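> Provided herewith is a single structure, encoded as structure tokens, for subsequent inquiry.
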Amino acid sequence: MAKDRSDSDKPKKGKSRTVSNVLMVVGIVLLVVAVGIYGFIQWRYHQIEVENEKLAQYAQVSDEPDDIPQVDWAGLKAVNQDVVGWLYVPGTTLNYPVYQTTDNTYYLRHTAEHEYGIGGQIFMDCENQRPGMLDQQTIIYGHHMKNGTMFEQIAAMDKQETFDQINTVWYVTEQGATRLEPLLMYYVRADDQTVRQFDFPTTEEFRGYLDGLLSKAVTKRADADKVITGTDHVFSLVTCNYYKEYYLPDGTNGRSVLVCVPKDEADKALASAS
């Protein structure tokens with residue numbers, strides 16, 4: 001009888017070994033796939049860094065907030081005629097050309113050389129007047145890349161300590177340079193079209209719009225309410241955030257919007273308020 005039990009156990013042990021072997025093979029395959037995906041993502045990020053380094057050579061910048069970036073416009077235009085400006089934030093990695101085309105999708109996934117790129121390029125809203133800072137609100141878009149490039153550091157300004165550390169934003173065009181200061185940051189859903197308002201019937205309505213943004217700000221400068229009383233233009237930087245409450249039902253990420261004001265307008269408003 002003992003011999004019979006031993007014989008009957010053999011198929012069960014064989015099946016067990018087969019299942020174990022299959023599971024091991026599946027595990028190895030999944031590991032290889034995961035490593036492959038990770039490697040592909042890192043390669044994509046490397047491509048972004050290479051592209052950004054190439055473009056950065058067209059501007060001379062300084063960590064000194066008072067130093068205006070010097071841009072080689074002829075060199076940039078030789079690469080891509082869509083360039084309209086240069087964005088630089090001293091003390092950060094934000095140092096990029098700004099492009100504009102006829103829609104707000106092309107530069108989400110295209111490089112300056114018109115090739116596919118996961119990081120795209122920084123670009124100005126297609127409805128803004130070139131080269132920017134002509135409408136009451138100029139809007140610039142950039143991806144929130146998890147490797148710290150593009151607008152990742154803009155997204156990080158939803159923490160007041162980080163917000164307070166940045167006091168200068170340069171936007172440079174062929175026509176001149178505008179020195180800006182962060183005013184506030186707020187969150188919206190991707191389908192909130194109140195973000196894309198460029199001009200208003202009156203200055204009072206424009207400033208009322210800014211007051212409305214201030215009421216839902218997650219970070220802001222301490223004197224934002226006084227600055228708004230003398231603000232005639234804003235420069236808004238838009239990027240993704242990953243807060244679930246701002247996701248759309250289809251999974252589209254929410255948006256973080258950093259609103260900046262020209263330094264001369266802020267200074268004038270504060271002087272009038274004192």
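> With the cut-off at 19 Å, tell me which of the pairs Lys159/Lys263; Lys77/Lys263; Lys54/Lys77; Lys159/Lys268; Lys216/Lys268; Lys226/Lys268 have Cα atoms farther apart than that.
Values: Lys159/Lys263 22 Å; Lys77/Lys263 28 Å; Lys54/Lys77 14 Å; Lys159/Lys268 27 Å; Lys216/Lys268 25 Å; Lys226/Lys268 10 Å.
Among Lys159/Lys263; Lys77/Lys263; Lys54/Lys77; Lys159/Lys268; Lys216/Lys268; Lys226/Lys268, the Cα-Cα distance tops 19 Å for Lys159/Lys263; Lys77/Lys263; Lys159/Lys268; Lys216/Lys268.
> Tell me, how many Å apart are the Cα centres for the stretch 96-138 and for the stretch 154-177?
With the stretch 96-138 and the stretch 154-177 each reduced to a Cα centre, they are spaced 18 Å.
> Next up: Give me the accessible area per residue for the stretch 118-161, probe 1.4 Å, as a whole number in Å².
35 Å²
> Taking K and R as +1 and D and E as -1, what net charge do the other residues with C-beta under 14 Å from the C-beta of Gly254 add up to?
-1
> Could you order the peptides 212-224, 97-109 from most to least packed, using the average number of other C-beta atoms within 10 Å per residue?
Per-residue mean Cβ counts within 10 Å order the peptides as 97-109, 212-224.
> Report ³J(HN,Hα) in whole Hz for each residue of the stretch 100-110, in order, from the Karplus equation J = 6.51 cos²θ - 1.76 cosθ + 1.60 where θ = phi - 60°; Gly and Pro get x.
With coefficients 6.51, -1.76 and 1.60, one gets 8, 9, 7, 9, 9, 10, 4, 7, 5, 9, 10 Hz.
> Under a crude label model (7 Å from the Cα following the beta-carbon direction), how far is Leu248 from Val50 in nanometres?
Distance between label points: 3.3 nm.
> Give me the net charge for the shell around Gln100: Cβ to Cβ below 15 angstrom, other residues only, Lys and Arg +1, Asp and Glu -1.
Net charge in that neighbourhood comes out at -3.
> Still on this structure, please answer the following. Which net charge results when you count Lys and Arg as +1 and Asp and Glu as -1 among the other residues whose beta-carbon is under 13 Å from that of His110?
Net charge around His110: -4.
> Then there's this: Sorting check: for 132-142, 161-171, which peptide has the highest mean count of neighbouring beta carbons within 10 Å, and how do the rest follow?
Put in order of decreasing packing, that is 132-142, 161-171.
> Quick one: which residues, 5 or more positions from Gly85 or on another chain, have an amide H under 5 Å from its amide H? H modelled 1.01 Å from N in the peptide plane, none for Pro or chain starts.
Distant-sequence amide H within range of Gly85: Val98.
> What residues qualify as long-range amide H neighbours of Thr92, i.e. H under 5 Å apart, gap of 5 or more or another chain, H built at 1.01 Å from N?
Here nothing satisfies the definition.
The values are calculated or read from the model by the stated rules, or taken from the named source; none is laboratory data. Source: prediction; values computed, not measured. Every residue, glycine as well, gets a Cβ built from its backbone with ideal geometry; the counts of neighbours run over all protein chains shown. Each accessible area value is taken on the protein alone, full model and side chains, heavy atoms only, with ligands, DNA and RNA left out. Shrake-Rupley method; radii C 1.70, N 1.55, O 1.52, S 1.80 Å.
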